[in-house]
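These notes are about the structure you will find just below.
The values are calculated or read from the model by the stated rules, or taken from the named source; none is laboratory data. Worth saying up front: this structure is predicted, and the values here are computed from it rather than measured. Please note: Cβ atoms are built from the backbone with ideal geometry, for glycine as well, and neighbour counts cover all protein chains shown.
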Amino acid sequence: MDRVISKPRSTTINMPTLWNAIEATRSSIIVTDSRQPDNPIVYCNQAFLDLTGYGREDVIGRNCRFMQGKDTSQQSINKLRNGVAKQQHVRVTIKNYRKDGQPFWNDLIMSPVFDEEGVLTNFVGQQLDVTDRVTYEEQLRKSQQDLLRSNKELEQFTYAASHDLQEPLRMVSSYLQLIKERYSGKLDEDGETFIGFAADGASRMQSLVNDLLTLSRVRTTARSFKPESLEALMDDALANLQTTISESGAKVTRGPLPKLPVERTQIIQLLQNLIGNAIKYRRPDRTPTVHVSAARKRGKYVISVRDNGIGIEPQYHGRIFGVFQRLHTRSEYPGTGVGLAICSKIVERHGGEIWVESEGDGEGATFMFTLPVRP
Ligand code: ADP
């Protein structure tokens, strides 16, 4: 900041008026005399006295450090000292104490005052009580940390639970299979039916556990973003969906897709889930068609997966991205309700957003997600 050298100026107000104005303002102001040892306060206005609870006689002649306490940050004090030593403007948010011992956060700006010869004569300090703001920021920071910690714990829990459930589930499934094979024809009709239900339940639980594990792995795997051609990744996704595509007779097309820094396996999974859903939620009276395209928008790409299926009514557009959220029964359409939650996490991890557009009138749905050009 440039030095403001005071020189006689033509002014439309006289000195007493200027003086009265400084006394009247609600901004708290002090002036120190830097030519005297220890830079003592030589003036303070009424607002300063109101803010600190001190009387003029307590303040004049003292260095402003009398407002500091044991827990005032040394870093802020050093910043102030540095500014004063270098004869520069300095701004710090510092913990100060009122006369009654009450702490307050002071947004303090100290500015050097120079005479006509450019010699430092004083400092003028302006203070603002920002206790409410600092307290709010501290609370916000604390809740963010709490949220991060509980999210992490939840992720670890989901991972551990789904991982550890796999083994006993595999055991239940394989023994049920064994009973089925070994005792088929030896049980009565009810027995056969009950074992069928149990095997069905176990395999459904395996799908749920696997999907939950995939979901928790999205975050727990190490980040390694590499430039990848989305066209090649879509080819991989289509190869994984080969059976679904041929059985349904779906026509999947695409426009030109960009090369972007992404986690390869996750984007394959994302495209596979979205294209898989586009085919699964088809109308029985139509050949399912799916078109994938990309459009560049400031610093990112918007990728769209458009289908001509049953569509989704607008009131469900937010809900479907939650874990276990489904709009249909398993007998209508199979699934666990985790697929879109996985998509949402993958996109979030890449710094993008995901949403759906659909009128819900049976005229299809378009899932859209953004991917930043830079990770
Ligand atoms: P799942 O398919 O296993 O049920 P998802 O999380 O992939 O789980 O999808 C959640 C719900 O969103 C589905 O149950 C379905 O109702 C709806 N949905 C997803 N994709 C489509 C789509 N392309 N068209 C219509 N509905 C869809």
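Looking only at residues in the range 291-310 that are surrounded by 23 or more Cβ atoms within 10 Å (Cβ to Cβ) and more than 9 Å from the ligand (Cβ to nearest atom), the one that is farthest from the chain's Cα centre (by Cα) is 292. Filtering the range 343-365 down to residues that are within 13 Å of the ligand (Cβ to nearest atom) and closer than 17 Å to residue 223 by Cβ, which residue is surrounded by the most Cβ atoms within 10 Å (Cβ to Cβ)? Among those residues, the one meeting the criterion is 346.
Per-residue answers, yes or no, for (1) over 18 Å from residue 50 (Cβ atoms); (2) over 36 Å from the mean Cα position of the chain (by Cα):
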| position | (1), (2) |
| --- | --- |
| 63 | yes, yes |
| 76 | yes, no |
| 104 | no, no |
| 113 | yes, yes |
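When the range 275-290 is filtered for residues that are touching a strand residue (DSSP E or B) at 6+ places or on another chain (Cβ under 9 Å) and within 13 Å of the ligand (Cβ to nearest atom), the ones remaining, listed by number, are 275, 277, 278, 279, 281, 282, 288, 289, 290. Can you tell me which residue in the range 215-235 is surrounded by the most Cβ atoms within 10 Å (Cβ to Cβ), limited to those that are hydroxyl-bearing (Ser, Thr, Tyr) and modelled with pLDDT under 90? Per the stated criteria, the residue is 216. Looking at residue 253, is it on the phi < 0 side of the Ramachandran plot, assigned to a helix (DSSP H, G or I), surrounded by fewer than 21 Cβ atoms within 10 Å (Cβ to Cβ) and of a type in the set (Ser, Thr, Tyr)? No. Residues that are in a helix (DSSP H, G or I), touching a Lys or Arg at 6+ places or on another chain (Cβ under 9 Å) and near the ligand (Cβ under 10 Å from one of its atoms) occur at least once in the range 311-320. Determine whether residue 136 is in a helix (DSSP H, G or I) and modelled with pLDDT under 95. No.
Exactly one residue out of 165, 147 is touching a helix residue (DSSP H, G or I) at 6+ places or on another chain (Cβ under 8 Å) and within 30 Å of residue 212 (Cα to Cα), and it is 165. In the range 354-369, the residues that are farther than 19 Å from residue 230 by Cβ and among the β-branched types (Val, Ile, Thr) reach residues that are part of a loop (DSSP other than H, G, I, E, B) and within 11 Å of the ligand (Cβ to nearest atom) with C-beta atoms within less than 7 angstrom, at least six apart or across chains, in these pairs: 356/312; 356/317; 356/365.
So that you can scan it fast, the table gives a plain yes or no per residue for (1) of a type in the set (A, V, I, L, M, F, W, C); (2) on the phi > 0 side of the Ramachandran plot:
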{"site": "248", "(1), (2)": "no, no"}
{"site": "260", "(1), (2)": "yes, no"}
{"site": "266", "(1), (2)": "no, no"}
{"site": "272", "(1), (2)": "no, no"}
{"site": "277", "(1), (2)": "no, no"}
{"site": "299", "(1), (2)": "no, yes"}
{"site": "303", "(1), (2)": "yes, no"}
{"site": "329", "(1), (2)": "no, no"}
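Taken over the range 205-229, the criterion of being of a type in the set (Lys, Arg), touching a residue at least 40 places away in the same chain (Cβ under 8 Å) and either over 18 Å from residue 342 (Cα atoms) or assigned to a helix (DSSP H, G or I) (or both) is satisfied by 217, 219.
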